[in-house]
Amino acid sequence: LTVGRGDHTLAPAYEFPVTIEDEAAPRLSERLDAANDLIGAIARMHGLAVVLMHPDPAGETLAFERNLVARWRDRAWFATMTEFADWWRARDALELDVRGGPGAWVLDIPAGQPENLTIRAPKARQVVGPPGVDINLVDHTFKLGPMPADGRIVLK
C-alpha cells in the first residue's frame with residue numbers, strides 16, 4: 001500500500017480482503033459447498049481466506065461456521081485478524097539472506113530476529129546450524145530458535 005502514491009511511501013497498514021461474508025445472497029446455508037471449493041482453491045496456492053460472519057442470526061451462521069471448521073480443522077490455521085496481522089508484522093521484521101553455495105544453500109540470519117519461526121525448505125535433506133544450535137528438520141520444515149551473532153544455517 002502506498003500513501004497518496006506521490007512519493008511511494010508505504011502505509012503502516014495491512015489489508016486482508018474478505019473472501020466469504022454472511023450478508024451476500026444466497027444464504028450461508030446454500031453456500032457451504034461453494035465456500036469449501038473456494039477455500040480449497042485458495043489453499044492450493046497457500047493463500048488466505050477471510051470469513052466475515054456476524055453473530056446474528058446465530059442458528060444459520062453458527063451451523064455454517066461449525067461445518068466450515070469441521071472441514072478445515074486439520075488443514076488450516078484459524079486466527080483472528082489481530083493474530084494474522086501479528087504474523088505479518090513478524091514476517092516483515094524478519095531479515096534473512098539466502099545464497100547458493102557449493103552443493104548447499106546458506107541462510108544468514110542476523111541476531112535479534114523473531115524466535116519460533118517455522119521455515120519450510122522443500123529441497124533440504126539436512127540443516128546444519130551454527131555451533132551450539134541444534135536444528136531439527138522434520139518433513140522439510142524447521143523452527144528457528146535464538147541465533148548467535150553469526151546465525152548461519154546451511155541447507156543441504
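Structure notes:
- Only one item in (1) 2, 9, 17, 21, 20, 15, 11, 4, 1, 0; (2) 2, 9, 18, 19, 16, 11, 9, 7, 5, 3, 1, 1; (3) 1, 7, 13, 14, 13, 12, 12, 11, 8, 5, 2, 0, 0 matches P(r) over Cα pairs in 5 Å bins from 0, in percent derived from the coordinates shown, and that item is (3).
- Estimated purely from DSSP H runs of n ≥ 4, each contributing -39500 (n - 2.57), the mean residue ellipticity at 222 nm for the chain is -8500 deg cm²/dmol once divided by its residues.
- Prolate is the label for region 50-133, because the ratio a/c of its alpha-carbon gyration tensor axes (a ≥ b ≥ c) is 1.5 or higher and a/b is greater than b/c.
- Charge dipole (Cα centre; +1 on Lys/Arg Cβ, -1 on Asp/Glu Cβ; no other charges) of the chain amounts to roughly 780 debye.
- Remark: spin-label model distance H54-D74 equals 3.6 nm, labels positioned 7 Å along the Cα→Cβ axis.
- Axis of helix 32-44 versus longest Cα principal axis of the chain: the two differ by about 20°, to the nearest ten degrees.
- Computed in the context of the full set of protein chains, the accessible area of the chain at 1.4 Å probe radius has 54% of its extent on carbon or sulfur.
- Rounded tilt (10° steps) of 58-72 against the dominant C-alpha axis of the chain: 30 degrees
- Each Lys and Arg adds +1 at its Cβ and each Asp and Glu adds -1 at its Cβ; summed about the Cα centre, region 106-156 shows a dipole of about 260 debye.
- Across region 50-138, Cα pairs under 8 Å and at least six residues apart give a relative contact order of 13 percent.
- Residues whose placed amide H lies under 5 Å from that of D22, excluding near-sequence neighbours: L52, H54
- Think of region 13-149 as having a plus end and a minus end, set by charges on the Cβ of Lys, Arg, Asp and Glu; of V18, L52, L144, L144 sits farthest toward the positive end of this dipole.
- Overall, region 42-89 carries a charge dipole of about 280 debye about its Cα centre when +1 sits on the Cβ of Lys and Arg and -1 on the Cβ of Asp and Glu, all other atoms neutral.
- Once the Cα atoms are used to define both axes, helix 81-93 deviates from the longest principal axis of the chain by about 20 degrees.
- Near L137, once Lys and Arg are set to +1 and Asp and Glu to -1 for all other residues with Cβ below 15 Å from its Cβ, the sum equals +3.
- Paramagnetic reach from Y14 (point 7 Å along Cα→Cβ, amide N under 17 Å) across region 60-88: 77-88
- Summary value for the chain: 17 percent relative contact order, contacts being C-alpha pairs under 8 angstrom separated by 6+ residues.
The values are calculated or read from the model by the stated rules, or taken from the named source; none is laboratory data. Predicted model, so just to flag it, every value in this text is computed and none were measured. Neighbour counts are summed over all protein chains in view; Cβ atoms, including those assigned to glycine, are modelled from backbone coordinates with ideal geometry. These area figures cover heavy atoms from the full protein model, side chains too; ligands, DNA and RNA do not enter into them. Shrake-Rupley method; radii C 1.70, N 1.55, O 1.52, S 1.80 Å.
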